[in-house]
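Novice: Can you keep this structure in mind? I'll have questions shortly.
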Amino acid sequence: MTSTRRSAGPASRWMGLLGIAILAAPSSVGAQPADLFFERTVMSAAGDRCRLFTPEVAAALAAGAAQARGAALRAGSDARALKAVEADARARAGRISCDSRDLAIAASQVRDAFAGYQRVTRMTYHGDVAGWRADRGVGRTARWRLAQDTTFGSNRMTFGLAGREGANALIAVADFTDDAAPYSARLVMRDSARTLGPYLDNRSKQPLGRKLPPRAATRAFLAEARGESEAELLPKGASGGWAFRFPAAAAAALAELDPREAVAVEFLFPGERVRTAYVEVGDFAAGRAFLQMAAR
């Protein structure tokens, strides 16, 4: 991994990028994703220590850091190397004087950038195979806050965070063309406590179904509620469908996964029949942080 961060001199040389980096996708700026991750993490940690930002601005920096981390992983950075980058960034932030002029200039740039960023209500987070669409607009009707669409066989599913007035539950809504009615659903993902990292083959393009580890290395979250979906949450063109709500712990676990991974939503039918849909993890963590800005 090539990086300019270790050769940077005064703080202003790397902090100067932060004003625009908070707004731009990592691939759209000149710096490498790992460098942007370092810069955003430094500024976030310094902001926490020196109380530089409002909670809204701090959340924006967290969203930017998560997005940069995802871009760095997709660009080929090693997850363990990025952990070292994060530790280095936090250590660097700890050595910056809170009354530093360079820090004050960088903080001002971030605040100016956020003045425009806070007016953004919709974002799209592109992935290798699929993407997430984020919507933090206000309204009384149910809406998808962070969603990914997929098809499995002749069936369709929308998966993500949905709710009213900032309430964001992790939900899967599926439309079955044969009017089948699953009695439950479970979300299956890699168990980070039992594995050292994702199961990925970087030599070839893998379908999402092959980006999960062996069954023995996974964990599952059973849906805690089932019901007919509200019309606003149905997949496009569907006249009806089933909605399954997963526990809050499932959303937290999903946000911790590598963005290159996939998770499976298994719909359970009588007779031990299962229909499976796959979701790319992608920038779920960045999108979730983007939503949290609206909830503050």
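The values are calculated or read from the model by the stated rules, or taken from the named source; none is laboratory data. All values derive from a computational prediction rather than experimental measurement. A quick note on method: Cβ atoms are made from the backbone with ideal geometry, for glycine too, and the neighbour counts reach across all protein chains shown.
Novice: Quick one: would you say Tyr125 is of a type in the set (Phe, Trp, Tyr) and under 19 Å from Met157 (Cα atoms)?
Specialist: Taking the combined requirement at face value, the residue satisfies it.
Novice: Could you list all residues from the stretch 265-291 that are more than 20 Å from Gly70 (Cβ to Cβ), touching a strand residue (DSSP E or B) at 6+ places or on another chain (Cβ under 8 Å) and of a type outside the set (Val, Ile, Thr)?
Specialist: Hits for the stretch 265-291 are Glu266, Phe267, Leu268, Phe269, Arg275, Ala277.
Novice: Specify which of the listed residues (Gly160, Gly197, Gly153) is closer than 16 Å to Glu261 by Cα and loosely packed, with under 15 Cβ neighbours inside 10 Å.
Specialist: One residue alone meets the criteria, Gly197.
Novice: Just name the residue that is modelled with the highest pLDDT out of those in the stretch 111-149 that are touching a Pro at 6+ places or on another chain (Cβ under 9 Å) and under 20 Å from Ala174 (Cβ atoms).
Specialist: My answer is Asp149.
Novice: Inspect the stretch 201-219 for any residue being assigned to a strand (DSSP E or B) and closer than 30 Å to Arg74 by Cβ and give the result as yes or no.
Specialist: Yes.
Novice: Then there is this: How about the stretch 76-133: which of its residues are among the polar types (S, T, N, Q) and more than 22 Å from Pro55 (Cα to Cα)?
Specialist: Correct list: Ser77, Thr124.
Novice: Right, another one. So in the stretch 267-282, with the set limited to residues that are outside any loop (DSSP other than H, G, I, E, B) and buried (at least 20 other Cβ atoms within 10 Å of the Cβ), which one is farthest from the chain's Cα centre (by Cα)?
Specialist: Phe267
Novice: Looking at the stretch 168-181, which of the residues that are among the aliphatic types (A, V, I, L, M), out of contact with any Ser or Thr (no Cβ under 9 Å at 6 or more places or on another chain) and farther than 17 Å from Ala255 by Cα is surrounded by the fewest Cβ atoms within 10 Å (Cβ to Cβ)?
Specialist: For the stretch 168-181, the residue satisfying everything is Ala181.
Novice: Here's a follow-up. Within the group Ala225, Ala277, Ala252, Ala231, which residue is touching a residue at least 24 places away in the same chain (Cβ under 8 Å) and outside the structural domain of Ala75 (by TED's automatic domain parsing)?
Specialist: Ala277
Novice: Checking the conditions here, which among Ser184, Ser204 is at pLDDT 90 or above and either surrounded by fewer than 19 Cβ atoms within 10 Å (Cβ to Cβ) or more than 14 Å from Ala238 (Cβ to Cβ) (or both)?
Specialist: Exactly one residue qualifies, and that residue is Ser184.
Novice: While we're here: Would you confirm, using the coordinates I've provided, whether Thr195 is within 27 Å of Lys83 (Cα to Cα) and β-branched (Val, Ile, Thr)?
Specialist: Here the answer is yes, as Thr195 does meet what is asked.
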